Amino acid sequence: MVTMSENHDPIRLLAIRDTPLSLDEVYAAVGDDAAGGTTLFVGTVRDHDGGKSVAALEYSAHPSAEREMRRIAEKICADFPVRALAAVHRVGRLEITDRAVIVAVSCAHRGEAFAAARRLIDDLKHEVPIWKHQVFADGEEEWVGAGEC
């Protein structure tokens, strides 16, 4: 575990990766001796969207995406008593059940951790320039951008 005295920046991990995401890595990043609550959210690729069967999808990110992630993370840390925060998003082709995004927040109390994690994932989905290209089982395709996912 890391205490705030050892690492003053509560933002412990932010990344956009083209490799599988690790729950253990994200959870370990938000470990803190003073945290009484840790919330972890995992977004996975589901097999349907809008009543249509999804075969696979591909995420792509603008070069500014990690900078936007940091801006959002800093805002979350300013608005909530965050001990530690982490967020990773996958890009590239993903299959059904693959992890697309993982966020985690630890705070002194569970309610704060839940609220901060909820705002973190919502803001990431609405503001970070990451686009989703869905491929449906019937051969149709669709692009969904930040703010629409």
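Counting every Cα pair in segment 55-149, what percent are over 15 Å apart? Everything past 15 Å amounts to 61 percent. Sorting 17-25, 60-68 by average packing, meaning the other beta carbons within 10 Å per residue, from highest down gives 60-68, 17-25. Computed on the chain, with alpha-carbon pairs under 8 angstrom and 6+ residues apart, the relative contact order is 33 percent. Among Ala73, Ala15, Ala86, the largest mean-square fluctuation in a Gaussian network model of the chain, built with springs joining Cα atoms closer than 10 Å, belongs to Ala15.
Estimated at 0.36 nm per residue, the fully extended path between His62 and Ala137 surpasses their Cα-Cα distance by 24.3 nm. Relative to the longest principal axis of the Cα atoms of the chain, the long axis of helix 65-79 makes an angle of roughly 40 degrees.
The C-alpha atoms of the chain define a longest principal axis, and helix 110-127 lies at about 40 degrees to it.
Projecting the Cα atoms of Cys77, Val101, Pro63 onto the dipole axis of the chain, where Lys and Arg carry +1 and Asp and Glu carry -1 at the beta carbon, places Cys77 farthest toward the positive end. Between amide H atoms placed 1.01 Å from N, distances below 5 Å from Ala84 occur with Ser106, all of them 5 or more places distant or on a separate chain.
Every read-out reported here was derived from the displayed coordinates using simple, explicitly stated rules and does not represent laboratory data. It should be emphasised that the depicted structure is a prediction, and the values quoted were computed from it without experimental measurement. Cβ atoms come from the backbone with ideal geometry, glycine included; neighbour counts cover every protein chain shown.
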